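The values are calculated or read from the model by the stated rules, or taken from the named source; none is laboratory data. For clarity, every value in this text was computed on a predicted model and none was experimentally measured. So basically every Cβ, Gly included, is an ideal-geometry build from the backbone, and we count neighbours across all protein chains shown.
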C-alpha cells in the first residue's frame, strides 16, 4: 500500500489524488453544503454527539434533507481513520446537496455527496502538544461578519468567503488571525475561531446572540470555566474592551485553546486563567478519549 492518504467519497475509500466530486455538484457551484471539523484523540471523536447536532442544525437551515443516519456518518469516519492508520487526527466531514439541475433553486429530492478526510495531528490531552507553534498574533480587520438575518452564523457551510476576505487583509502584516466585528462595530469572532478575553478575573466572550458561531470548543470552555469557579460572562463588547484585556485566547476544534500574544500590536500574553482553562481542557480530553474504557 502506498503512503498516500485515503479519503472517503460517497461510500468508497479512494486515494487522495483520485478523490473527486462532479463540477456540477452544488457544493462546488454554490457552496451549498454543510460540514463539521472534528478531532480524533486516540481513535475517539471528541464530542461526536454535539457535532452531529450542529451538523443537523446546519442541514435544517439549508433545507438539506440528506437522509443519512448519524451511525452511517460515524462509520465512514471510523473507516477513514482505520484506512489511514490514524488515531490522532483532524477530520472533516462534508455533506453537499449533490448534483442537481443547473438552477439556483434546490430540488427537495437529494442524492448527497459525502466526503470524509483525515490528516494526522499530534497526541492531545495531558501528554500532548499543541498544533500551533506560537500564541496568536491578531489584528482587527475592516471586513464585517455577515448578519444573521442574511446568513445565520450558526450554519457551518462551505461558503467561507467572509473569513477569506478577512484573512486577505492580513497580508503584509505579522498577524495569523483576523478579528471581525459586526455591522455595528461590536466584536464578533476570529475568521476561524471564537474569542475569549479576561478582565479582573472574569472570562468574557461575545454572545451567540450576535453573528458568532456557536463553537463546540467554545461551549466546552464555558462549562470547564464554570466547573473551575471562574466567573464567565457572554455579552456585547467593543474593541477597546478587548484591547484592554488582561489576557485573551482563541478557540476552535484544531487549535483547542490558543493564547493571543498581541491584538493590534498591544501585548496580551498568556495569563493564569488561560493556563487554568488550558489545563482543564487537556484533562477533559484525556478523560474523555484516552483513559481506559474509552
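Conditions tested, residue by residue: (1) free of Cβ contacts under 8 Å to residues at least 40 places away in the same chain; (2) closer than 30 Å to residue 287 by Cβ.
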| site | (1), (2) |
| --- | --- |
| 50 | no, yes |
| 58 | no, yes |
| 72 | yes, yes |
| 81 | no, yes |
| 89 | no, yes |
| 106 | no, no |
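Only one of the numbered conditions (1) touching a strand residue (DSSP E or B) at 6+ places or on another chain (Cβ under 8 Å); (2) buried (at least 19 other Cβ atoms within 10 Å of the Cβ); (3) within 19 Å of residue 38 (Cβ to Cβ) is not met by residue 288, and that is (2). Count of the stretch 86-121 residues, restricted to those that are farther than 21 Å from residue 288 by Cα and out of contact with any strand residue (DSSP E or B) (no Cβ under 6 Å at 6 or more places or on another chain), is 13. The condition of being over 18 Å from the mean Cα position of the chain (by Cα), in a helix (DSSP H, G or I) and surrounded by 15 or more Cβ atoms within 10 Å (Cβ to Cβ) holds for only one of 175, 225, that being 225.
Just one of the listed residues (64, 68, 93) is touching a helix residue (DSSP H, G or I) at 6+ places or on another chain (Cβ under 7 Å) and either outside the structural domain of residue 250 (by TED's automatic domain parsing) or in a strand (DSSP E or B) (or both), namely 93. Picking from residues in the stretch 91-104 that are more than 12 Å from residue 64 (Cα to Cα) and touching a residue at least 40 places away in the same chain (Cβ under 8 Å), the one that is surrounded by the most Cβ atoms within 10 Å (Cβ to Cβ) is 93.
So that you can scan it fast, the table gives a plain yes or no per residue for (1) touching a residue at least 12 places away in the same chain (Cβ under 8 Å); (2) within 18 Å of the chain's Cα centre (by Cα):
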| site | (1), (2) |
| --- | --- |
| 250 | yes, yes |
| 253 | yes, yes |
| 261 | yes, no |
| 267 | no, no |
| 273 | yes, no |
| 278 | yes, yes |
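If only residues of the stretch 109-144 that are part of a loop (DSSP other than H, G, I, E, B) and crowded, with 19+ Cβ neighbours inside 10 Å are counted, the one that is modelled with the lowest pLDDT is 110. Criterion first (outside any loop (DSSP other than H, G, I, E, B) and either at pLDDT 95 or above or surrounded by 17 or more Cβ atoms within 10 Å (Cβ to Cβ) (or both)) does residue 254 satisfy it? In short, no. Among the residues making up the stretch 27-60, those that are over 12 Å from the mean Cα position of the chain (by Cα), within 20 Å of residue 126 (Cβ to Cβ) and assigned to a strand (DSSP E or B) are 40, 41, 44, 45.
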